[in-house]
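Asker: Before I ask anything, let me first share the structure, which is written out below as structure tokens.
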Amino acid sequence: MKLGNYVLGNWIEGDGEGQKLYNAVNGELIATATTQGLDFSLILEYGRKKGTAALRKMTFQERGRMLKALALHLFEQKEKFYPISYKTGATRSDSWADIEGGIGNLFSNASLRRKLPNEIFALDGENIGLSKGGSFAAQHILLPKEGVALHINAFNFPVWGMLEKIAVNLLAGVAAVVKPATITSYLTEAVVKEIVDSKILPNGALQFICGSAGDILDHVTSQDVITFTGSASTGLMLKSNPNVLRENVPFNLEADSLNCIVLGDDVDPGMPEWEIFIKEIRKEMTSKAGQKCTAIRRIFVPVNKMEDMWKDLSISLSQTIIGNPENENVRMGALAAQSQKKEVRERVQKLLASSQIIYGSLDGVEVIDADENQGAFISPLLLKNESPFTSEEVHNIEAFGPVSTIMPYKNIEEAIELAKLGKGSLVSSVVTVNEQFAKDFILGTGTYHGRILVLNRDCAKESTGHGSPLPMLIHGGPGRAGGGEEMGGLRGIKHYMQRLALQGSPTMLTAITNVYQPGAKANTATIHPFKKYFEELHIGDRLITEKRIITSEDINKFADLSGDHFYAHLATTDFKETMFDEQVAHGYFIISAAAGLFVDSYELNPVLLNYGIEELRFTKPVYPGTGIYIKLTCKEKVEQELKEVTPETKNVKGIDIPKGIVKWYVEILDDTDEITGVATILTMVRKRK
Ligand code: NDP
């Protein structure tokens, strides 16, 4: 009955009886949880010394492949988690968001490896020249922190809450200690068991404590990172911990948030947007029984459409079947625990000081396939507040259940002001086809939200919805929402890495970063770099080409061939009023001529194809008679994995060729050795094996 804690490389039961955890649907005892007797200082140290140390030795590519293996493994096991998830009150569709949404985060972060180097660290931004002579420069780099990520999670997403967070710290190269909220920790424990049994993660990369966090915050250090999701009051208490403050431990807080949705003043009954608005609200109120940090708590509607809207909303809510989440007709399950039901009811009572219930009841709810009193069931509750500018409760109190309040606004200025009364939220939606209304709302309230969804007929069908945080977008919001930020694709890993401004000579920076920095020494004593296989190429390998004289005839021919007869490329133009002295070569001709100079042979060589141009700048006009030559330098090598050959891909030409991407720094110089253009071009280069 006692849940395990996975710490110090072992499953360990805590001492004492522990906290009792109940099935949210029928009230049966499921398990107990306790961390009594655990040494949190040792646990953190184990994570740093074993887990993080091992992860820091792996490159982003290796960590990414590890995440992918873990995602595939959990995906195969996913059906095991659903029956446990039902016990938290979640329906199949709620559980899908928690379980498969969580696994999706692992996949998404695994894919990010393709945007990262085959190194343990990453470059952040471009090289910055710091001197006139070019001998002193800087480059920001990101290094994985040496501590652990301590995740203190909320009860509402026991799987997603863990996976969306560890996906990011593991990719960054940092181990995790996960503490889920105790009441639903039995589901998190089941997932951790699968992770541990898979042996995919290095020892110490994931530890799990199930129950009280004890004195753990007294042992965190400046190399650790804390993330917290839960109530604002607990968040405030934890981030005020003297040790956290003294050590300046990064603390990412995500707390209650009074998210809102606004119906544009252009939307009338009968328009598709009217139905879209209603559907979105119903979904947000009833999925996870409204226990979502992103759920819609405040609904703003033009004053003259209030009555039509709340009546239609009520009809829509009345179609929600509530009850045992295992029954496939059920659309809304139970709250996570009786304690939550009590809390939601108390909060609604407070809201009723200035609002009234217009749909649902606090006295009871009709459920199917379950006993209303044994389970933590509650009715969806739509409240109405006619005077939102003079009511404080509705903008301050979050009832963490299927509860939302509809309020009127007179004009866009009022809609903006009301949205801001929430003092910062995770997400807000505006439903409109009026582009100006949407723009005014976004510019007026954008600094108060982490994410804004503009919803209308054009995107509703494919929209991921108001309530779904996505791995590639930031999740978090200012003010009341906690002021934190997580995920957001590559942005997320930066929370677990130390950004370092590295200064020195371009040659030294190149040696350290393994990316060619402009002005660094290069190696010209080499065979043509296009004759080298991927493994044989070194950063700084350089080719300096012959010169080619650009003639007026060349420019005329290129104009005819490409059809680009822009006046600056015509010899007959009167150049008095232009930016140029005479006929100027097309930039695209110059880069093509550059390729003609640096591309070497008619014979097959390891370069498989030209992959694209990342950066291209024309910095000085090239006039007829100018001689240009090229410096082509190997800038960066990006590993590519061999793609799996499947029945669908087996006929894709070249799929089985081992290869990597090589980035080349191309400098186009003229007779005075001045740069007329620079580019970073990409080629795909064959590996020997
Ligand atoms: P809490 O803030 O009480 O708990 C959140 C997490 O903090 C849990 O893991 C909890 O563990 C942990 N915690 C609590 N006290 C301590 C402590 N002294 N030291 C270390 N960790 C601690 O939130 P609840 O989960 O109880 O939910 C309460 C309210 O929070 C909800 O009703 C809702 O309003 C809001 N909430 C907001 C969410 C959001 O995403 N913004 C998500 C969930 C809830 P334990 O469970 O063991 O107490």
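The values are calculated or read from the model by the stated rules, or taken from the named source; none is laboratory data. Remember, it's a predicted structure, so these values are computed and weren't measured experimentally. For neighbour counting, all protein chains shown are included, and Cβ atoms are generated from backbone atoms with ideal geometry for every residue, glycine included.
Asker: Does any residue in region 241-257 that is assigned to a loop (DSSP other than H, G, I, E, B) and away from the ligand (no atom under 12 Å from the Cβ) come within less than 6 Å, Cβ to Cβ, of a residue that is at pLDDT 95 or above and of a type in the set (A, V, I, L, M, F, W, C) six or more places away or on a different chain, and which pairs are these?
Answerer: VAL249/VAL220; VAL249/ILE226; PRO250/VAL225
Asker: Can you tell me which residue among ALA190, ALA232 is within 15 Å of the ligand (Cβ to nearest atom) and either modelled with pLDDT under 95 or touching a helix residue (DSSP H, G or I) at 6+ places or on another chain (Cβ under 7 Å) (or both)? Spell out how you get there, then give the answer.
Answerer: Numbers: ALA190 fails: within 15 Å of the ligand (Cβ to nearest atom).
Just a single option satisfies the conditions, and that option is ALA232.
Asker: Still on this structure, please answer the following. Quick one: which helices (runs of 4 or more DSSP H) sit completely within region 431-520 and have at least 2 residues that are polar (S, T, N, Q), under 25 Å from ARG298 (Cα atoms) and more than 16 Å from the ligand (Cβ to nearest atom)?
Answerer: Values: elements: 435-445, 490-493, 506-513.
Helices (runs of 4 or more DSSP H) meeting the threshold: 435-445.
Asker: Of all residues in region 170-208, count the ones that are in a helix (DSSP H, G or I) and under 21 Å from GLU100 (Cβ atoms).
Answerer: Initial filter on region 170-208 (in a helix (DSSP H, G or I)): 170-172, 182-198.
Those still in the list that are under 21 Å from GLU100 (Cβ atoms) too: 170-171, 184-198.
Total meeting the criteria: 17.
Asker: Do you know which residues across region 387-418 are under 18 Å from LYS292 (Cα atoms), part of a loop (DSSP other than H, G, I, E, B) and out of contact with any Lys or Arg (no Cβ under 7 Å at 6 or more places or on another chain)? First the steps, then the outcome.
Answerer: Just the residues of region 387-418 that are under 18 Å from LYS292 (Cα atoms), to begin with: 394-405.
Subset that is part of a loop (DSSP other than H, G, I, E, B): 397-402.
Answer for region 387-418, where residues must be under 18 Å from LYS292 (Cα atoms), part of a loop (DSSP other than H, G, I, E, B) and out of contact with any Lys or Arg (no Cβ under 7 Å at 6 or more places or on another chain): PHE400, GLY401, PRO402.
Asker: Then there's this: Report yes if some residue within region 351-363 is under 22 Å from ARG297 (Cβ atoms), within 16 Å of the ligand (Cβ to nearest atom) and crowded, with 17+ Cβ neighbours inside 10 Å; otherwise report no.
Answerer: Yes; the residues of region 351-363 include at least one that is under 22 Å from ARG297 (Cβ atoms), within 16 Å of the ligand (Cβ to nearest atom) and crowded, with 17+ Cβ neighbours inside 10 Å.
Asker: Next question. Do the conditions hold for VAL220, that is, is it within 15 Å of the ligand (Cβ to nearest atom) and closer than 26 Å to TYR22 by Cα?
Answerer: Values: within 15 Å of the ligand (Cβ to nearest atom): yes; closer than 26 Å to TYR22 by Cα: no.
Answer is no for this residue.
Asker: In region 39-67, which residues are surrounded by fewer than 18 Cβ atoms within 10 Å (Cβ to Cβ), part of a helix (DSSP H, G or I) and basic (Lys, Arg)?
Answerer: LYS49, ARG65
Asker: Something else now. Which one of these is of a type in the set (Gly, Ala, Ser), farther than 24 Å from ARG48 by Cα and out of contact with any Pro (no Cβ under 6 Å at 6 or more places or on another chain): GLY147, GLY161, GLY125?
Answerer: Working: GLY147 fails: farther than 24 Å from ARG48 by Cα; GLY161 fails: farther than 24 Å from ARG48 by Cα.
It is GLY125.
Asker: Follow-up question, since we're still on this one. Output the residue which, of all residues in region 408-422 that are in contact (Cβ under 8 Å) with a residue 40 or more places away in the chain and more than 19 Å from HIS466 (Cβ to Cβ), is nearest to the ligand (Cβ to nearest atom). Full working, then the answer.
Answerer: Initial filter on region 408-422 (in contact (Cβ under 8 Å) with a residue 40 or more places away in the chain): 408-412, 415, 418-419, 422.
Still in the running and more than 19 Å from HIS466 (Cβ to Cβ): 408, 410-412.
Working: PRO408: 26, LYS410: 30, ASN411: 31, ILE412: 28 Å.
Here the answer is PRO408.
Asker: Can I ask one more? With LYS439, LYS423, LYS461 as the choices, which residue is in contact with a Phe, Trp or Tyr (Cβ under 9 Å, 6 or more places away or on another chain), more than 16 Å from LYS292 (Cβ to Cβ), surrounded by fewer than 16 Cβ atoms within 10 Å (Cβ to Cβ) and not small (Gly, Ala, Ser)?
Answerer: Numbers: LYS439 fails: in contact with a Phe, Trp or Tyr (Cβ under 9 Å, 6 or more places away or on another chain); LYS461 fails: in contact with a Phe, Trp or Tyr (Cβ under 9 Å, 6 or more places away or on another chain).
The conditions single out LYS423.
Asker: Hey, any hits in region 540-552 for a residue that's under 41 Å from the mean Cα position of the chain (by Cα) and assigned to a loop (DSSP other than H, G, I, E, B)? Write out each step before concluding.
Answerer: Applying the first criterion (under 41 Å from the mean Cα position of the chain (by Cα)) to region 540-552 yields 540-543.
Now restrict to residues that are assigned to a loop (DSSP other than H, G, I, E, B): 540.
Within region 540-552 (the criterion being under 41 Å from the mean Cα position of the chain (by Cα) and assigned to a loop (DSSP other than H, G, I, E, B)), the answer is yes, since at least one residue qualifies.
Asker: Within region 131-171, can you find the residues that are closer than 14 Å to VAL225 by Cα, of a type outside the set (A, V, I, L, M, F, W, C) and within 15 Å of the ligand (Cβ to nearest atom)?
Answerer: Matches in region 131-171: HIS151, ASN153, LYS165.
Asker: Also, quick follow-up: Scanning region 657-674 for residues that are in a loop (DSSP other than H, G, I, E, B) and not charged (D, E, K, R), which turns out surrounded by the most Cβ atoms within 10 Å (Cβ to Cβ)?
Answerer: If we filter region 657-674 for residues that are in a loop (DSSP other than H, G, I, E, B), which is where we start, we get 657-658, 670-674.
Then keep just the ones that are not charged (D, E, K, R); that gives 657-658, 672.
Details: ILE657: 11, PRO658: 14, THR672: 9.
Among those that are in a loop (DSSP other than H, G, I, E, B) and not charged (D, E, K, R), it is PRO658.
Asker: I want to confirm something. Restricting to region 614-656 and keeping residues that are of a type in the set (Val, Ile, Thr) and surrounded by 13 or more Cβ atoms within 10 Å (Cβ to Cβ), which single residue is farthest from THR59 (Cα to Cα)? Working first, answer last.
Answerer: Our first condition is that a residue be of a type in the set (Val, Ile, Thr); within region 614-656, this holds for 619, 622, 626, 628, 630, 633, 638, 645-646, 649, 652, 655.
Applying the additional criterion that residues be surrounded by 13 or more Cβ atoms within 10 Å (Cβ to Cβ) yields 622, 626, 628, 630, 633, 638, 655.
Working: VAL622: 43, THR626: 46, ILE628: 40, ILE630: 34, THR633: 24, VAL638: 12, ILE655: 24 Å.
Among those that are of a type in the set (Val, Ile, Thr) and surrounded by 13 or more Cβ atoms within 10 Å (Cβ to Cβ), it is THR626.
Asker: Of the conditions (1) within 16 Å of the ligand (Cβ to nearest atom); (2) over 28 Å from the mean Cα position of the chain (by Cα); (3) more than 29 Å from ALA353 (Cα to Cα), GLU393 clears all except one; give me its number.
Answerer: Among (1) within 16 Å of the ligand (Cβ to nearest atom); (2) over 28 Å from the mean Cα position of the chain (by Cα); (3) more than 29 Å from ALA353 (Cα to Cα), GLU393 violates only (3).
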